[in-house]
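Below you'll find the structure, written out as structure tokens, and then a few comments.
The values are calculated or read from the model by the stated rules, or taken from the named source; none is laboratory data. None of the values given here were measured: they were computed from a predicted structure. Methodologically, a virtual Cβ is constructed for each residue, glycine included, from the backbone with ideal geometry; neighbour enumeration extends over all protein chains shown.
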Amino acid sequence: MKNQKKTADYYLGTLVGQIIFHLYLPTMNVDSLKSPKVINVSDEEKEEADRLQTILNETYYGYDITEEISKYGIKKATEIAHENWINYIYKLAEKHLPEKLHCRFERIEVENLKEFRDGLTHYLWDTDLSWYMPEDDFWTEVGNHSWFSEVILTRRIGS
């Protein structure tokens, strides 16, 4: 879609993505990048996440020759350390982040829902910190006299 002309609904989706980022999108205090809404994990969970991050960093920068590096080599040690770290972060996300985000904003009219969704998805993906994406059930139809529109985002772990 890089060279295609984007529609007003696409850009409306990106604007709604900005609203969602500033008002609704949660991140955890163990995430590298954070949104304005940060959810704190327990001190013990943060310590473990930091420990696993340190081990991963050591494989990147060779601060310490760990047993895994000696045994498997740097590339394999990095893969193992990354898998351990990311699996733990995913476990924390499942525990602390809600499965669905109900995001309300001033009522809008969308003509092409696919283009709107593409813009929203693009914006959320480009933040590099969204745990959430619009799934098939993301748009809630509201009546003509409603004062708001609503997007429902679904937590996606590992994708």
(request) Look through region 127-145, keep the residues that are surrounded by fewer than 12 Cβ atoms within 10 Å (Cβ to Cβ) and of a type outside the set (D, E, K, R), and return whichever of them is nearest to the chain's Cα centre (by Cα). (result) G143
(message) Can you tell me which residue is surrounded by the fewest Cβ atoms within 10 Å (Cβ to Cβ) among those in region 22-47 that are aliphatic (A, V, I, L, M) and touching a residue at least 40 places away in the same chain (Cβ under 8 Å)?
(response) L33
(message) The conditions are (1) hydroxyl-bearing (S, T, Y); (2) at pLDDT below 95; (3) assigned to a helix (DSSP H, G or I), and Y63 fails exactly one of them. Which is it?
(response) (3)
(request) Could you grab me the full set of residues in region 88-124 that are in a helix (DSSP H, G or I) and over 15 Å from the mean Cα position of the chain (by Cα)? (result) Y88, L113, K114, E115, F116, R117, D118, G119
(request) Tally the residues that are part of a strand (DSSP E or B) and in contact with a helix residue (DSSP H, G or I) (Cβ under 7 Å, 6 or more places away or on another chain), restricting the search to region 1-54. (result) 2
(message) Out of the residues in region 91-110 meeting the condition of being among the acidic types (D, E) and modelled with pLDDT of 95 or more, tell me which one is surrounded by the most Cβ atoms within 10 Å (Cβ to Cβ).
(response) E94
